[in-house]
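Notes follow the structure.
The values are calculated or read from the model by the stated rules, or taken from the named source; none is laboratory data. This one's a predicted model, so the numbers in the text were calculated from it and none came from an experiment. With ideal geometry, Cβ positions are generated from the backbone for all residues, glycine too; neighbour counts draw on all protein chains shown. SASA here: full protein model, heavy atoms, side chains in, ligands and nucleic acids out. Shrake-Rupley method; radii C 1.70, N 1.55, O 1.52, S 1.80 Å.
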Amino acid sequence: MKHYLFLMVFAVLFSCHSDKKKSDTSEQEPTQNEKPNILLIVVDDQGYADFTPFENYDKTVSSPNIARLGKSGTVYTQAYVSAPVCSPSRAGIITGKNQFRWDIPASWGPGLPDDVKTLPEYLKEAGYHTARIGKNDLGRNFHKNDVREYPLNHGYDEFLGFSAHAHDYWANSQSIKERTPDPYGTSALLGPLMHNMGEKSYEEGYLTDILTDESIDYLKRDHDKPFFLTLSYNAVHHLIHEVPKKYLDKYNVKEIPNYDPDSLVAFKNHKPGSYSAYYDKYSRVGAINTEDLRQYYLANLNCLDDNIGRVLDALKETGLDKNTLIVFVSDNGGSPLTGSNNAPLTGGKYSLWEGGIRVPMAMSWPGQVDAGKVEKRYVSALDILPTLTKAAGIELTDTSIDGIDLLAPKAERLLVWKWQKTWAARKGKWKITNAKENHWKSEPSAQYIAPIRDDLTIKLFDIEADPGERNDVAAEYPEKVKELQQAYDAWCEANISKRN
């Protein structure tokens, strides 16, 4: 009897010790069933060749931290966004749907309908704390916090940033806003950042640094639930010349005076002293020559990269890196007006040529996503929503979501695009399009690769063999033209007409 009692006591003690050991281990190392933290980094207008994780990147680029992010995860060489400009592309990313499902004109201002659910809404329902820092641009209702397009009204618990196409990098204070005749007078703005239901003024500081500082503060909080942080930089968007001096010195370009309402003269029908005049002057090739434009772009990108490195370091310092899923993506191709390089792709931002819609993208998640892998099958930024929701344990029931899980890409899926009067479709190696260029402000910078034909005629390309779209084979494969055009028309008939 005593021997039996001894064995019982020993078994209980061993069980308690084992449970404690398991508990200690689970606190130190996340289990397979623990929901990951999620960091979505969206950058603005990065060129395809300016992405250092790619094997054939432009060697004038210095971005070791973006390269580091690529090495820790999987890099996608054929990643597409759903539009060639920021507002509709970002609407696609946040919903997992082609935004022209509801935006019939398929243009700059898709907005966000009440009945279209967003990524932060899915994750918030699954127990995540959600925050957005940086650019918020869905094409409508800018500068307002009482509309569906404002982050707090589509799933984010917190927001710090701006609601517009662009924001000045240096002018982030209340005082400069009060001195400016038109602080909201163009597609870009200046002044305090929107902060939840108020504003936050910064008398000093550079916007890329500010967004990073605020993101690091968020990461270093005590988190009692998994978080979803969208860090949405406006770099490397115009105004491309606005960069801290140490980067300008590194790339041997001069400082250009920041906006000053008291010293600015009129420019191209803008009033003297207006921010619109300053922005318009420096958001085109002309005031800055094409050689210097590339150097300003490289300086801006180098600064962005240093800031991404600071975010990655903060994840490591806090131990969050062990269970944080990171997705990095550019919202569209590099702009023809900033000095970006999309080689070997034709065109750039504003068009459905590959240079406008094929973008840098990478994903990392320790133990779940292959490190150092290059995925050559084509994927879409629409896939981000279903991938992240699946990682969070969410089962999607909405059959109108166009994205699929990034970890299970399909070789023969149909991708479709509609942008104003142009459209495109891809299936397998074939892409059909009537793409026509639309960089309306000025002649493009020297890095730009012009299309072989700039009109609205139908063109067919073998994208696998000809990613630069230099050889139109429509005349050789009329049956393929017919097949893809019918597939595109059928998709539109099934998915767009229902909302009319």
Residues (open to solvent by 30 Å² or more (accessible area, probe 1.4 Å) and free of Cβ contacts under 8 Å to residues at least 24 places away in the same chain) located in region 57-77: Y57, K59
Any chance P451 is modelled with pLDDT under 95, open to solvent by less than 50 Å² (accessible area, probe 1.4 Å) and in a loop (DSSP other than H, G, I, E, B): no
Residues (among the hydrophobic types (A, V, I, L, M, F, W, C) and not in a loop (DSSP other than H, G, I, E, B)) located in region 326-372: I326, V327, F328, V329, I357, V359, M361, A362, M363
Given (1) modelled with pLDDT under 95; (2) open to solvent by less than 30 Å² (accessible area, probe 1.4 Å), index of the condition P84 fails: (1)
Residue match in region 248-268 (condition: charged (D, E, K, R), on the phi > 0 side of the Ramachandran plot and either surrounded by fewer than 18 Cβ atoms within 10 Å (Cβ to Cβ) or modelled with pLDDT under 95 (or both)): yes
Unmet requirement for E121, which otherwise passes all of (1) in a helix (DSSP H, G or I); (2) surrounded by 18 or more Cβ atoms within 10 Å (Cβ to Cβ): (2)
Odd one out for D103, checked against (1) closer than 24 Å to T389 by Cβ; (2) part of a helix (DSSP H, G or I); (3) modelled with pLDDT of 95 or more; (4) touching a helix residue (DSSP H, G or I) at 6+ places or on another chain (Cβ under 7 Å): (2)
Meets criteria (modelled with pLDDT of 95 or more and either touching a Phe, Trp or Tyr at 6+ places or on another chain (Cβ under 8 Å) or closer than 26 Å to S330 by Cα (or both)) for F227: yes
The one condition in (1) within 30 Å of A362 (Cα to Cα); (2) assigned to a helix (DSSP H, G or I) that D280 fails to fulfil: (1)
Any hit, region 139-158, residues being among the aromatic types (F, W, Y), open to solvent by 10 Å² or more (accessible area, probe 1.4 Å), closer than 20 Å to Y259 by Cβ and touching a residue at least 40 places away in the same chain (Cβ under 8 Å): yes
Considering residues of region 177-199 that are in a helix (DSSP H, G or I) and without any contact (Cβ under 8 Å) to a residue 40 or more places away in the chain only, the residue most open to solvent (accessible area, probe 1.4 Å): E178
Residues (at pLDDT below 95, open to solvent by less than 40 Å² (accessible area, probe 1.4 Å) and small (G, A, S)) located in region 429-448: S442, S445
Failed item in (1) out of contact with any Leu (no Cβ under 8 Å at 6 or more places or on another chain); (2) buried (at least 20 other Cβ atoms within 10 Å of the Cβ); (3) among the basic types (K, R), with K97 passing the rest: (1)
Positions within region 456-471 being surrounded by fewer than 16 Cβ atoms within 10 Å (Cβ to Cβ) and either closer than 19 Å to L345 by Cβ or aliphatic (A, V, I, L, M) (or both), in sequence order: L456, I458, E464, A465, R470, N471
